[in-house]
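The next block holds one structure in the form of structure tokens; read it before the comments.
The values are calculated or read from the model by the stated rules, or taken from the named source; none is laboratory data. Since the model is a prediction, treat every value here as computed from it, not as a measurement. In this analysis, Cβ positions are derived from the backbone assuming ideal geometry, glycine residues included, and neighbour counts consider all displayed protein chains.
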Amino acid sequence: MRYFVTGATGFIGRHLVPLLLTRGGTVHVLVREGSRGKLDEIKRNWGSHADRVLAEAGDLTAPRLGLDDAAVARLTGVDHFFHLAALYDMTADADAMARANIDGTRNALQAAAAMAAGCVHHTSSIAAAGRFRGLWREDMFEEAEGLDDPYFATKHDSEGLVRTTCKRPWRIYRPGIVVGHSRTGEIDKVDGPYYLFKMLQKLRAALPQWVPLVGIEGGEINLVPVDYVAAAMDHLAHADGLDGRCFHLTDPKPTTLGKTMNVFARAAHAPEFGLRVDMKAGGIVPRPLRTALLGMTPIRRITDGVLEELGIPRRVLGFLDYPTRFDAREASAALEGSGIEVPPLESYAWRLWDYWERRLDPDLFRDRSLAGAVAGKRVLITGASAGIGRATALAVGAAGGVVLLVARSVEKLETVRGEIAEAGGTAHIHTADLSDLADCDRLVAEVVRERGGVDILVNNAGRSIRRSLRLSLDRFHDFERTMRLNYFGAIKLILGFLPGMSERGHGHIINVSSIGVQTNPPRFSAYVASKAALDAFSRVAASELVEDGVRITTVYMPLVRTEMIAPTTIYRAFPTITADEAAGMIATAMIDRPKRVSTKLGVFGQIAYATAPKAVDVVLNTAYKIFPDSAAARGKEGAGPGESGELPDEALAFAHLMSGVHW
């Protein structure tokens, strides 16, 4: 038995060739001269039979596959000619797909005719149906519709070449969307459904798994693992009496896009889409009008921005409401008794996710080091003399950033600068009282004059006041001083350094906010309001700075064990993070430059308040009653109720349940 295979080093080919080898005989594979090394590497995984794989130099895009007369003579009479080579890439252009899929098939058929191949086995795709509305049978071809996508069109036309021009016996196979191996999880590249994995990963990082989400139901997505496709093709190719027929290698029980996403969400331990909107609801809008609306420049720009953020090609949107269902009765009948069947997606989705996250996640190949983000850059950190600011300064200095230390106490800053210098870093001191707006202006002028400006501004300095509203009725100055430092001081620095950032075309502003802005804890009306004001400013300003290359990140910091919380003695029993862990959150902001860095509880607090504000008020009122005002807040000396550092069980349970929230 002799075989000839195009695309043997492709994903399906790598799994089909070993099956052909087990049947004995020789497998000739088409290889470009520059790809022999890749073939040799793959052959090592094909076991002891790999010595029966012979490379034939050629080119898919050349007439007769570029095979010379000697090669054709040597290959004359091959029993089976498998044409697997094709281009499937969501980012490829139409011309590239036409060259590979249409011209490549035409050239393959020329070679098969020259060899007088026993049977030509053409790997088509369910894409040959285009966007046919309804059930697409295996005997259908001309009925295809909606072939505007270049992949759909080229797969349809290439299959048409086989049907109309092939002079040798032929069989056609239409696999569904081919995903990784059901037993090993092996994936060849990020394409197709894997583009959605990054979104699931982001949701997992942002929200607890049990939070239900709103998604779309979409059409049926027919996924099949590569090992099933290879096994089915091998079996069908060697069965008698199947020439001139087409077989759907599809899942007989496919699920909708929404259900498929939930299967992968469970595999990723990400939140699931509990409520899914049926895309058919959009049918009330006439298609021409819908197309026109989606084609408007503002809508396209918004859509492109979201897709870019998630790393999803625009072409993927075409599958959100995919209308075609596939009948596979011919294939099922021919495979009956072979034991070859499509495994349920639930049984192997976790393997695909694990393989992707360990080996193909695009973030694995990014420089995610702090040094890569800050080396050689001027990083100004306010409140750098202690706590979070000091820990951040030490981390940035160790990573090669030029640290500009800002605080009121020159003595404390000298200590921090010494620590940075001792570790081999560089730091400069600029003292300032950021609650004095005139001093903020002086600081900006000084830094611009002496350092040329800043690349990264970290607004970390802040003041926190814990006092109930009843005890604040005659303390308006509490609100004034928190606003002066937490909001106006930060705004002064942003406005001062922003022109230089915009002129250079790059810059990063990091505002250290609080989980309190997300969860609205009682007794922090002054503090949370000042941080919320800075958040609101940042959200508005960020949209204006997109084209300037300046990014703004808000870090919603949970409760951190620093000198700031020391006067509140009940916090001694609270779960907190360390200053170094807080600095790690700021480092994440520097590396990824996201819109926000937050805990999952903080994000859940925002969602809960947006969806059920009255219920949240009841929860917060419970905390208000459990955790008392401090003696200092009441204007009294000594420890008040619950201020000895020991809390009743219900208070401890509440503090740990809402870990990170300052009550």
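If I ask for residues that are surrounded by fewer than 17 Cβ atoms within 10 Å (Cβ to Cβ) and small (Gly, Ala, Ser), which ones from the range 434-467 would you list?
ALA438, ALA445, GLY452, listed by residue number.
Within the range 116-172, can you find the residues that are assigned to a loop (DSSP other than H, G, I, E, B) and among the basic types (Lys, Arg)?
Matches in the range 116-172: ARG131, ARG133, ARG137, LYS167, ARG168.
Can you spot a residue in the range 2-15 that is aliphatic (A, V, I, L, M), buried (at least 16 other Cβ atoms within 10 Å of the Cβ) and either in a loop (DSSP other than H, G, I, E, B) or over 32 Å from the mean Cα position of the chain (by Cα) (or both)?
Yes, the conditions are met somewhere in the range 2-15.
If you go through the range 376-404, how many residues are among the polar types (S, T, N, Q) and either farther than 11 Å from ARG417 by Cα or within 30 Å of the chain's Cα centre (by Cα) (or both)?
2
Got a number for residues in the range 506-552 being part of a helix (DSSP H, G or I), more than 21 Å from PRO628 (Cα to Cα) and not acidic (Asp, Glu)?
At the first step, the residues of the range 506-552 found to be part of a helix (DSSP H, G or I) are 515-519, 525-544, 546-548.
From what's left, more than 21 Å from PRO628 (Cα to Cα): 518, 530-544, 546-548.
If we keep only those that are not acidic (Asp, Glu) too, we end up with 518, 530-534, 536-543, 546.
Within the range 506-552, residues that are part of a helix (DSSP H, G or I), more than 21 Å from PRO628 (Cα to Cα) and not acidic (Asp, Glu) number 15.
Taking interchain pairs and intrachain pairs at least six residues apart, which have beta carbon atoms under 7 angstrom, with the first residue in the range 522-541 and assigned by TED's automatic domain parsing to the domain that holds SER472 and farther than 16 Å from VAL555 by Cβ and the second acidic (Asp, Glu) and modelled with pLDDT under 95?
Every condition considered, the pairs that remain are ARG523/ASP629; ALA526/ASP478.
In the range 26-89, which strands (runs of 3 or more DSSP E) lie fully inside it and hold 2 or more residues that are assigned by TED's automatic domain parsing to the domain that holds SER158 and of a type in the set (A, V, I, L, M)?
Passing ranges, in order: 26-31, 53-57.
Are any of the residues in the range 502-520 surrounded by fewer than 20 Cβ atoms within 10 Å (Cβ to Cβ), closer than 21 Å to GLY383 by Cβ and without any contact (Cβ under 8 Å) to a residue 40 or more places away in the chain?
No, there is no match, as no residue in the range 502-520 is surrounded by fewer than 20 Cβ atoms within 10 Å (Cβ to Cβ), closer than 21 Å to GLY383 by Cβ and without any contact (Cβ under 8 Å) to a residue 40 or more places away in the chain.
Might you check whether a residue that is among the charged types (D, E, K, R) and at pLDDT 95 or above occurs anywhere in the range 204-227?
Yes.
Any idea how many residues of the range 445-502 are farther than 19 Å from ARG408 by Cβ, in a helix (DSSP H, G or I), at pLDDT below 95 and of a type in the set (D, E, K, R)?
2
Can you find a residue in the range 423-433 that is part of a helix (DSSP H, G or I), crowded, with 16+ Cβ neighbours inside 10 Å and not acidic (Asp, Glu)? Walk me through it before giving the result.
Initial filter on the range 423-433 (part of a helix (DSSP H, G or I)): none.
No, that holds for no residue.
Out of ARG163, ARG174, ARG137, report the one residue that is farther than 30 Å from ARG596 by Cα, assigned by TED's automatic domain parsing to the domain that holds VAL342 and either small (Gly, Ala, Ser) or within 34 Å of the chain's Cα centre (by Cα) (or both).
Working: ARG163 fails: either small (Gly, Ala, Ser) or within 34 Å of the chain's Cα centre (by Cα) (or both); ARG137 fails: either small (Gly, Ala, Ser) or within 34 Å of the chain's Cα centre (by Cα) (or both).
Checking each option against the conditions leaves just ARG174.
Please go through the range 51-85 and give me each residue that is on the phi > 0 side of the Ramachandran plot and either aliphatic (A, V, I, L, M) or surrounded by fewer than 17 Cβ atoms within 10 Å (Cβ to Cβ) (or both), ordered by number.
LEU65, GLY77
Only one of these is under 20 Å from GLU581 (Cβ atoms) and at pLDDT below 95: VAL512, VAL517. Name it.
Details: VAL512 fails: at pLDDT below 95.
Just a single option satisfies the conditions, and that option is VAL517.
Out of curiosity, is ASP148 surrounded by fewer than 23 Cβ atoms within 10 Å (Cβ to Cβ), more than 26 Å from VAL31 (Cα to Cα) and modelled with pLDDT of 95 or more?
Details: surrounded by fewer than 23 Cβ atoms within 10 Å (Cβ to Cβ): yes; more than 26 Å from VAL31 (Cα to Cα): yes; modelled with pLDDT of 95 or more: no.
Answer is no for this residue.
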